[in-house]
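Participant: Have a look at the structure that comes next, please.
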Amino acid sequence: MTEQPPTTEQHRAPASPLLALPGAVAGNDVDAPVAAHYGSFNGEQRVLEAGDGFVDLSHRDVVRISGPDRLTWLHALTTQHLEQLQPGVTTGVLVLSPNGHVEHAFFGSDDGEAFTAHTEPGAAAALVGFLDRMRFMSRVEVTDLTADLAVCWRPAKVGEAPYSGYELVPRAQLEAYAEAAGPAAGLWAFEALRIARGEPRLGLDTDERTIPNEAGWIGPAVHLEKGCYRGQETVARVHTLGRPPRRLTLLHLDGSENRLPTRGAPLVVDGDPKAKPVGFVGTSARHHELGPIALALVKRNVDLGVPLLADGLPAAQEVVVDPEVGLHVRPTGFR
């Protein structure tokens, strides 16, 4: 079974010192160690959209891979083309199972000496364990630096690569960073903008059967023109056929009820007397312009115009992953 980020009961990062900032309210579940908001999540969204402020993501885990063989070694193990990655270029990277299911997702850059990446809260131990088992004779070292480095996010500039805006800060300097980078925006504001962008979180918007083609990771985290890696056959076959079994979808939720759907709740077709699930709900948030929104994995053959029920809430669909994406873009070859 695909390894997923632990639940709150299995892992809880230390509470961020920024929870002491005025108005700070702690998040929930795996996001509990950081602030959900500082008094106005709608206002905080507007600040971030204006290109100002920062978000404390210090509950995310941090992993560093160093050594002269690190990029060629990671290139061979993962979905991303990393052999000639230039210093400072941020990228997404996946590790797949032999059947193509996503086991690990991490995002980072190389500084010429090491590739440093962040991943979901509690996910570093499993990732480091996997990478250590795969070292063999390669000259690499894998280190969990979660205790030393904190993740923060600042709004990316127009034209920057996907997953830009993340910064690594020494934990001992997190409060000083906040003073210089303010104003602080909470995780609810960040999540609303992330969901609106259609960026999934592994284990929250995905399940153990998720393949990259379903989640919008072809391109940002999967390179279609690189050498073999574990799970590549599934990625290539589904892309060539052009029809992933499921598709990541942005749901626009009915806001008449003052609640959001439970994560993992089944999606059903509105009005279907049999109410057979056609997908499940992932993360959700209240967007300051779009209203309540959520990400969901929906079966490919569900018509985009069909109204759905997400945990009993009426929901309209907006395309994130085209159900026939591979039919529009053909790979020139898998080398």
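Participant: In a shell of Cβ-Cβ distance under 14 Å around Glu167, excluding Glu167 itself, what net charge do Lys and Arg (+1) and Asp and Glu (-1) give?
Facilitator: Once positives and negatives cancel, what remains is +1.
Participant: Report the Cα-based extents of the range 208-335 along its three principal axes, largest first, to the nearest Å.
Facilitator: That works out to 51, 34, 26 Å along the principal axes.
Participant: Within the set of other residues whose C-beta is less than 15 Å from the C-beta of Ala180, count the net charge using Lys and Arg as +1 and Asp and Glu as -1. If you can, show how the numbers build up before the last one.
Facilitator: Numbers: positive: Arg154; negative: Asp52, Asp56, Glu167, Glu175, Glu179.
Taking every other residue near Ala180 into account, the sum is -4.
Participant: Students sometimes get this wrong: rank Glu214, Glu208, Glu225 by accessible area, probe 1.4 Å, all chains present, largest first.
Facilitator: Values: Glu214 5, Glu208 75, Glu225 45 Å².
Sorted by accessible area, descending: Glu208, Glu225, Glu214.
Participant: Residue by residue through the range 242-249, which ³J(HN,Hα) values in whole Hz follow from phi under the Karplus form 6.51 cos²θ - 1.76 cosθ + 1.60 (θ = phi - 60°), with glycine and proline marked x?
Facilitator: x, 9, x, x, 9, 9, 5, 9
Participant: Per-residue counts of other Cβ atoms within 10 Å, averaged by peptide: what ranking do you get for 66-76, 94-104, highest first?
Facilitator: Answer by packing, highest mean first, reads 94-104, 66-76.
Participant: Can you pull out the GluC sites (Glu not before Pro) in the range 43-87 that DSSP calls coil and that have at most 13 other Cβ atoms within 10 Å?
Facilitator: Counting only loop positions with at most 13 other Cβ atoms within 10 Å, the GluC sites (Glu not before Pro) in the range 43-87 are Glu83.
Participant: A further question follows. In whole Hz and in residue order, list the ³J(HN,Hα) couplings for the range 269-281 that follow from phi through the Karplus curve 6.51 cos²θ - 1.76 cosθ + 1.60, θ = phi - 60°; x for Gly and Pro.
Facilitator: 6, 5, x, 6, x, 7, 6, 6, x, 10, x, 9, 8
Participant: If you count, for each residue, the other Cβ atoms within 10 Å and average over each peptide, how do 139-149, 275-285, 172-182 line up from highest to lowest?
Facilitator: Top of the packing list down: 275-285, 139-149, 172-182.
Participant: What whole-number distance in Å separates the alpha-carbon centres of the range 230-245 and the range 289-314?
Facilitator: Rounded to whole Å, the Cα centres lie 24 Å apart.
Participant: Please give the calculated 222 nm ellipticity per residue for the chain, where each DSSP H segment of at least 4 residues contributes -39500 (n - 2.57) and the sum is spread over every residue; nearest 500 deg cm²/dmol?
Facilitator: -5000 deg cm²/dmol
The values are calculated or read from the model by the stated rules, or taken from the named source; none is laboratory data. Given the structure is predicted, the values throughout are model-derived calculations rather than measurements. Counting neighbours? That spans all protein chains shown, and the Cβs are built from the backbone with ideal geometry, glycine included. Ligands, DNA and RNA are excluded from the accessible area calculation, which covers all protein heavy atoms including side chains. Shrake-Rupley method; radii C 1.70, N 1.55, O 1.52, S 1.80 Å.
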